[in-house]
Amino acid sequence: MPRGRRANIGRRTRHASQQQVYSQNISEERQNIIRENARLRQRVSTRRSLASYNRLAFQYDPTANYSDDENLDIGPMTTICRYCNALKFKRETAGLCCASGKVKLDPLLTPHSH
């Protein structure tokens with residue numbers, strides 16, 4: 001009788017090892033699914049937050065500090081218009097400030113100090 005059990009011990013450990021490998025594979029699959037779901041949630045969250053900025057310029061709030069917002073980066077005004085020498089943002093449409101030189105404004109006068 002004891003010999004029969006001894007033969008079963010090998011099968012049991014082999015079966016236990018197979019179960020462990022199977023469990024590890026399932027847990028890896030679950031981890032991959034959890035990671036993918038987290039990526040999708042982040043993507044949807046980003047998309048929703050960016051959607052709230054759609055047409056924001058038409059609802060401009062002068063009291064809001066847009067420079068602190070990490071999702072909004074306009075950048076510095078470093079480009080100079082070739083027609084009117086106005087400072088512009090890097091990706092701003094060319095000639096938007098003066099209609100490509102068609103609009104000429106009188107220069108601003110400096111205020112007198114009293």
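Derivation of every value follows stated rules applied to the coordinates shown; laboratory data play no part. Only a predicted model underlies this, so the values are computations on that prediction, with no experimental measurement involved. FYI the Cβ positions are ideal-geometry reconstructions off the backbone, even for glycines, and counts take in every protein chain you see.
Observations, loosely collected:
- Theoretical FRET efficiency, 1/(1+(r/R0)^6), r = Cβ-Cβ of Gln24 and Thr46, R0 41 Å, to 0.05: 0.80
- Total formal charge among the other residues, if their Cβ is under 10 angstrom from that of Tyr83, Lys/Arg +1 and Asp/Glu -1: +3
- Sorting the segments 92-100, 104-112, 69-77 by their residues' average number of neighbouring beta-carbon atoms within 10 angstrom, most packed first, yields 92-100, 69-77, 104-112.
- Per DSSP, loop chymotrypsin sites (Phe, Trp or Tyr not before Pro) in region 14-114 with at most 10 further Cβ within 10 Å: Tyr60
- Between Ser17 and Arg39, the distance separating the two model label sites (each 7 Å from Cα on the Cα→Cβ line) works out to 3.4 nm.
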